[in-house]
Every structure is written in structure tokens, then in C-alpha cells.
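The values are calculated or read from the model by the stated rules, or taken from the named source; none is laboratory data. Bear in mind the structure is a predicted one, so any value in this text is a computation, not a measurement. So basically every Cβ, Gly included, is an ideal-geometry build from the backbone, and we count neighbours across all protein chains shown.
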Amino acid sequence: MRQNYTINPRLKQKRKAMLSFLGLLIVLTGVMAGAWQIQVVREFFGQASGIPANLIVNTTAALGPMPRPWRNLAQGGEDHNWRIANLTGPVSTLKPEYIRLDHIYDFYDIVQGTPGNITFDWTKFDLIIDDILATGAKPYIALSYMPPAISSGDILAYPVHWSDWQLVVQRTIEHLSGTRRISDVYYEVWNEPDLFGSFKYYGDKNYLTMYAYASAGAKNARSVLPFKLGGPAITALYKNWFTAWAKGCVANNWRCDFFSWHRYSNNIEQFAEDMALVRQWVQEFPQLEPTLEFQITEWGHDSNNHAGYDSAYSAAHTVAGAIAMSNRVERAFAFEIQDGKDPEGKQHWGRWGMFTHNDFGANSKPRYQALRMLDSIPDQRLQITGLGSFVKALAARNDLGEVELIIANFDPKGRNSELVPITFTNIEPGSYTLNQEFLGGSKQNQQVATDAALLRVEVFMPINEVAKLKLIRN
């Protein structure tokens with residue numbers, strides 16, 4: 001039996017408000033669900049969250065010569081008596097300006113004798129120096145590690161006599177910058193002292209003590225061409241290390257030409273951010289600021305073995321990172337040139353090299369091919385804006401007046417692909433051919449035309465891909 005009820009007006013008003021709230025809640029839930037679905041669809045088709053690129057190239061805005069911080073390479077402690085001889089041609093194609101070498105004192109048998117009574121043999125060391133010079137590069141020498149002949153323990157220990165270490169540094173500089181007559185060699189005191197040797201910038205095992213004697217050895221070097229001395233090549237950029245080193249330089253009049261560190265990161269912007277930070281810090285030391293150089297003497301996406309070093313992952317990271325450093329970092333040393341030998345006998349084992357081990361033919365990896373593509377960009381840099389979270393690019397004009405671009409799409413999560421709009425402004429009306437060459441192997445020639453002073457095209461950039469574009473007037 002149905003009953004009639006009289007509803008209190010206040011209750012009616014509350015009920016109406018509640019129904020309105022529930023309606024709004026349903027609408028918001030629908031909107032959120034729709035947004036979630038859109039995100040799912042975007043991720044399904046490979047688009048990660050972030051700012052998409054919208055590249056705009058001003059074809060008449062020349063910014064000067066193209067900075068090339070990537071023209072510096074490094075090799076670590078993979079094999080004793082390692083040589084570049086079988087890689088001279090491929091490495092020289094990258095046009096390296098410097099090749100950094102560490103482990104020189106424990107790999108090349110330079111220092112002979114006993115503490116307080118040492119001699120020098122440069123035979124093995126000169127072979128690798130000859131290889132470096134044959135690529136067109138100059139040597140960048142990490143003065144590491146402690147020569148066994150003078151060490152108080154292993155290669156990461158203090159010397160028995162500091163005078164021996166001082167003499168080792170002096171004789172090394174005199175050999176390369178004097179006897180060998182190589183100008184502008186960089187000498188870097190140690191390699192990753194905060195890791196290899198657990199040095200601090202204070203206390204009983206103080207890196208600054210080692211640096212002080214190295215500086216004294218450098219000042220004692222005679223009949224030498226111009227050179228640079230610096231350090232400490234720490235594992236990352238730390239302000240406390242910089243401040244302690246800079247204070248020591250100023251207070252003790254040490255030879256301090258450059259400050260160096262390493263950076264392994266998937267954050268592409270980190271490399272330039274490091275440089276901005278250290279340039280702020282040096283302002284506290286006006287005695288150093290005018291001339292002090294800053295160097296990233298090792299860089300990559302991971303300081304440990306990582307499968308990406310054998311794939312397009314590292315290729316895209318290297319190009320994107322190099323683009324981010326362009327015009328911000330003077331020198332950054334890609335680590336490293338060649339893989340060591342895998343204890344398990346594998347050809348690809350996530351090692352850092354751009355080439356496989358000699359036992360597997362010293363074959364190039366995608367990272368090498370990417371650097372070669374990057375360095376092919378012309379010298380006349382053009383203004384380019386609209387870089388995205390994942391897509392980075394450089395633009396330049398070649399001797400024929402054609403516009404060329406290098407584009408990298410790097411996403412460490414492996415999800416982002418983009419249809420990248422590219423607008424060329426201040427362009428002559430007419431028909432053009434857009435050549436597209438991708439590191440993955442595909443090539444495409446696209447016919448485009450404009451009757452205005454700008455031309456807009458779209459280029460699809462797959463996940464972790466590198467591409468070179470050239471716009472040619474028909």
C-alpha cells in the first residue's frame with residue numbers, strides 16, 4: 001500500500017543539494033575516466049607524458065660555428081697494453097680533439113725501480129700515444145694510478161715517498177710536452193678519487209695532498225710546450241669537493257687550470273645543469289674564475305654495465321645529451337671507445353664501449369654510428385626553438401645553403417614516439433625535397449612545397465631514434 005509523506009522544505013533543499021553534488025561527482029568521474037582512457041590510448045600508441053617538440057628553424061639566423069663538445073673520447077681500464085691501432089680509421093672519422101686515457105702507471109710499466117730510486121721506461125706508453133695522435137687527437141692523460149714501484153700498498157695507496165710521486169708527474173709532463181713535443185696536453189690528477197682509493201678532501205687520506213705534490217711536479221717541468229693541469233675527476237659534481245680544491249689552489253698557489261668531474265645520468269638536462277652550477281660556485285673565487293676551465297671527463301647513461309650500451313638506447317641518449325651540452329659544455333668525454341673482454345665470453349655484455357672487443361671483430365655499435373651522424377652536421381649553426389621533453393635537435397646550414405637537422409628522441413622508459421612538426425621560417429618560396437635518414441636504417445625523400453616564407457613538415461620519430469634531415473631546393 002502506497003503511503004503519502006509530507007517532506008520538510010529544509011530536507012527537500014538538502015536532498016536537492018545532495019543530488020546536485022552526486023551529479024557533479026558523476027560528471028567529474030566521467031571526465032577523469034575519459035582522461036585516464038586518453039592517457040591509456042596515448043601510452044598504447046607510444047606517447048609518454050611530457051612536452052612534445054614543435055621545432056622552428058630560422059633559416060637565416062646564423063649563430064656562429066657549431067659547438068662540438070662531443071669530439072672528445074675516453075678509454076678506461078679494460079685491457080693492459082690496450083691499443084687503438086685497429087680502430088684508427090673509424091675513430092678518426094669522429095674527428096676527436098682529445099682522447100682521455102687512465103691507468104697509465106699500472107698498465108704501461110712506466111715507472112721502474114724501488115721507492116727513492118726510480119727510473120722510467122716510455123716504450124709501451126709511447127705506442128698508445130702514437131695511436132692517439134694517428135686519429136688526429138691529442139692525449140688527455142689521467143695521472144693514475146699509483147705506480148707499483150713507489151706505492152706503499154696497492155695502486156690506490158699513497159706513495160712511500162711523496163717526492164717520488166712529484167717526480168713521476170714531472171717526468172710524465174716532460175716526456176709528452178717536452179721530448180714528444182705535443183702541445184696543449186691535459187694532465188688530470190687521478191681518476192675518481194672518491195671511488196678509487198676512497199680519498200677525501202680532508203683527513204688522513206687526503207686527495208689534496210696528492211694534488212699538491214702533482215702541482216709541484218708540474219711546476220718543476222722544464223723545456224716543455226704549453227700544457228694544462230687539473231682534476232679531480234670525481235664521480236659526480238660535488239660542491240664540497242670543488243670548494244676544498246679551489247681554496248687549496250688559491251691558498252697554496254697550486255697549478256690549477258681546469259676542474260673535472262664525471263656524470264652518468266638518464267636526465268639529459270643534468271649535464272648542462274652541472275655546468276651552470278659550477279660556474280656559479282667559481283664566482284666565489286675571483287682569482288680562478290677568469291681562466292679556469294671545466295671538463296666532464298666521462299659521461300654516459302649508466303656508470304654500471306647496462307644493456308642499453310649495446311643498442312639504440314645509448315645512441316639516442318648520446319645524441320640527445322650532446323645536443324643538450326652544445327654551447328654550454330666545452331668538452332665532454334664519451335666513455336668509452338672499446339669494450340673489454342667479457343669473463344663469460346659474450347660479445348655484447350652491456351659494456352660501455354662504442355666497439356666490441358677485438359675477439360669479436362671490434363665491430364661498431366649504434367652509439368658510434370650515432371656520434372658519426374651527429375658530427376656530420378655542418379658548421380654554420382642556425383637558431384632552432386621548440387625542443388621537447390624527449391626530442392632534442394640541432395640545425396645548421398651547409399656550404400650550399402641547405403638546411404640540415406640532427407634530431408634525437410630519447411626516452412629512458414622506452415615509451416615516447418612523436419610526430420614532430422618542423423617549421424622552416426624565412427625560406428624562399430618554391431618546391432623542396434626533405435631527405436630523411438634514420439639511424440635504424442630507413443630512408444625517405446619527401447617532396448614539399450610552399451608559396452610563403454615558411455614551410456611546415458612533420459617527421460615521425462620512433463622511440464629512441466636518431467635522424468638526420470636535409471632540406472634541398474628543387
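For the reader, a short list of remarks on this structure follows.
- Against the numbered list (1) within 20 Å of the chain's Cα centre (by Cα); (2) assigned to a strand (DSSP E or B); (3) farther than 19 Å from residue 410 by Cβ, residue 383 comes up short only at (1).
- Test: residue in region 143-155 that is over 13 Å from residue 105 (Cα atoms) and crowded, with 20+ Cβ neighbours inside 10 Å: no
- Selection within region 389-414: residues that are in contact with a strand residue (DSSP E or B) (Cβ under 9 Å, 6 or more places away or on another chain) and among the charged types (D, E, K, R). The member of this set that is surrounded by the most Cβ atoms within 10 Å (Cβ to Cβ) is 392.
- Inside region 349-371, residues that are buried (at least 17 other Cβ atoms within 10 Å of the Cβ), touching a Lys or Arg at 6+ places or on another chain (Cβ under 8 Å) and of a type outside the set (Gly, Ala, Ser) make up a count of 4.
- Qualifying residue in region 426-436 (condition: without any contact (Cβ under 8 Å) to a residue 40 or more places away in the chain, in a strand (DSSP E or B), within 26 Å of the chain's Cα centre (by Cα) and not assigned by TED's automatic domain parsing to the domain that holds residue 320): yes
- Residue check, residue 207 of a type in the set (Phe, Trp, Tyr) and touching a Leu at 6+ places or on another chain (Cβ under 8 Å): no
- Filter pass, residue 452 being assigned to a loop (DSSP other than H, G, I, E, B) and either closer than 30 Å to residue 368 by Cβ or not charged (D, E, K, R) (or both): yes
- Of the criteria (1) farther than 29 Å from residue 368 by Cβ; (2) exposed (fewer than 10 other Cβ atoms within 10 Å of the Cβ); (3) at pLDDT 95 or above, which one residue 62 fails: (2)
- Options 393, 370: the member that is closer than 30 Å to residue 261 by Cβ and either in a loop (DSSP other than H, G, I, E, B) or assigned by TED's automatic domain parsing to the domain that holds residue 96 (or both): 370
- One residue alone among 382, 374 is in contact with a helix residue (DSSP H, G or I) (Cβ under 8 Å, 6 or more places away or on another chain) and crowded, with 17+ Cβ neighbours inside 10 Å, and that residue is 374.
- Meeting the requirement of 1 or more residues that are in the same structural domain as residue 230 (by TED's automatic domain parsing) and surrounded by fewer than 15 Cβ atoms within 10 Å (Cβ to Cβ), the strands (runs of 3 or more DSSP E) wholly within region 73-133 are 111-114, 117-120.
- Listed by first and then second residue, the pairs linking a residue in region 284-300 that is within 20 Å of residue 271 (Cα to Cα) to a residue that is assigned to a strand (DSSP E or B) and of a type in the set (Ser, Thr, Tyr), with Cβ atoms under 7 Å apart and 6 or more places separating them unless they lie on different chains, are 295/260; 297/260; 299/264; 300/264.
- Tabulated pairs, region 372-385, first under 12 Å from residue 469 (Cβ atoms), second in a strand (DSSP E or B) and of a type in the set (S, T, N, Q), C-beta under 9 angstrom, 6+ apart or interchain: 384/58
- Residue list for region 297-322, restricted to those being among the aliphatic types (A, V, I, L, M) and crowded, with 24+ Cβ neighbours inside 10 Å: 315, 316, 319, 320, 322
Let's see how each residue does on (1) assigned to a helix (DSSP H, G or I); (2) surrounded by fewer than 22 Cβ atoms within 10 Å (Cβ to Cβ):
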| residue | (1), (2) |
| --- | --- |
| 166 | yes, yes |
| 170 | yes, yes |
| 176 | yes, no |
| 196 | no, yes |
| 211 | yes, no |
| 225 | no, yes |
